[in-house]
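The values are calculated or read from the model by the stated rules, or taken from the named source; none is laboratory data. For clarity, every value in this text was computed on a predicted model and none was experimentally measured. Here the Cβ positions follow ideal geometry from the backbone for every residue, glycine too, while neighbour counts run over all protein chains shown.
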């Protein structure tokens, strides 16, 4: 039977998970992004209808979702945030589990970028977990054009801390320095994973 390795990539908002995922893709590996799965789901009519039931028709622009408005609501309404997650997460995990099943069947390494890996208690799905880390000051600087300061703080509060995630990680990528430094770190990690499964 061919050996496989299922690797989860996680971190907090703005730590650089996508940067690390792109480096891995450039190295020729398959990377599944949970955020991309969610974005596709939010375009499906049956999902839009269910979200309308949770949030009301105010969150629609024509037949599409006003994602900015939804994001703003869930910052302040924990109950609606939980309802949205209960709707979306099962579809996301169905897709992830299918990808994992296929990889275990044919062998090889697959990477899954999953922001809420620890929050959804999904550690059991992965053979290895990479946590992408960065200095909080630097992260805030990266996010300042996309989110308000209060929004960043609220998102961080809703997530498990970076300190805790790093303790649970098999590997840590420090994304505080140059892209070259991050690339070298990612390459070292992948070499280690390859050695383990060969």
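Is there a residue being farther than 25 Å from residue 125 by Cβ and either at pLDDT below 90 or surrounded by 14 or more Cβ atoms within 10 Å (Cβ to Cβ) (or both) anywhere in the stretch 79-86? Yes, the stretch 79-86 contains at least one residue that is farther than 25 Å from residue 125 by Cβ and either at pLDDT below 90 or surrounded by 14 or more Cβ atoms within 10 Å (Cβ to Cβ) (or both).
Go through 55, 46, 29 for me and flag whichever is touching a helix residue (DSSP H, G or I) at 6+ places or on another chain (Cβ under 9 Å) and farther than 28 Å from residue 6 by Cα. One residue alone meets the criteria, 55. Here residue 154 passes the criteria (1) in a helix (DSSP H, G or I); (2) more than 26 Å from residue 109 (Cβ to Cβ); (3) out of contact with any helix residue (DSSP H, G or I) (no Cβ under 7 Å at 6 or more places or on another chain) except the one numbered (3). From the list 100, 32, 24, 96, the lone residue that is touching a strand residue (DSSP E or B) at 6+ places or on another chain (Cβ under 9 Å), outside any helix (DSSP H, G or I), at pLDDT 95 or above and surrounded by 15 or more Cβ atoms within 10 Å (Cβ to Cβ) is 32.
Among residues of the stretch 129-144 that are over 16 Å from residue 115 (Cβ atoms), those with a Cβ under 8 angstrom from a residue that is not in a helix (DSSP H, G or I), sequence gap 6+ or separate chain, pair up as 135/176; 138/176; 140/14. Looking at this structure, is residue 139 within 26 Å of residue 100 (Cα to Cα) and surrounded by 14 or more Cβ atoms within 10 Å (Cβ to Cβ)? The answer is no for residue 139. Scanning the stretch 162-198 for residues that are out of contact with any strand residue (DSSP E or B) (no Cβ under 9 Å at 6 or more places or on another chain), touching a residue at least 40 places away in the same chain (Cβ under 8 Å), surrounded by fewer than 16 Cβ atoms within 10 Å (Cβ to Cβ) and not in a loop (DSSP other than H, G, I, E, B) gives 164, 179, 187. Within the stretch 35-70, restricting attention to residues that are within 17 Å of the chain's Cα centre (by Cα), in a helix (DSSP H, G or I) and without any contact (Cβ under 8 Å) to a residue 60 or more places away in the chain, the residue that is surrounded by the most Cβ atoms within 10 Å (Cβ to Cβ) is 37.
Scanning the stretch 92-115 for residues that are touching a helix residue (DSSP H, G or I) at 6+ places or on another chain (Cβ under 8 Å) and closer than 30 Å to residue 68 by Cα returns 92, 95, 96, 97, 111, 112, 113, 114, 115.
Look at residue 73 and say whether it is farther than 28 Å from residue 175 by Cα and either in contact with a strand residue (DSSP E or B) (Cβ under 7 Å, 6 or more places away or on another chain) or assigned to a loop (DSSP other than H, G, I, E, B) (or both). It would help to see each step written out before you state the result.
On the way: farther than 28 Å from residue 175 by Cα: yes; either in contact with a strand residue (DSSP E or B) (Cβ under 7 Å, 6 or more places away or on another chain) or assigned to a loop (DSSP other than H, G, I, E, B) (or both): no.
Criteria not met by residue 73.
Taking residue 119, is it farther than 22 Å from residue 22 by Cα, free of Cβ contacts under 8 Å to residues at least 60 places away in the same chain and outside any helix (DSSP H, G or I)? Here the answer is yes, as residue 119 does meet what is asked.
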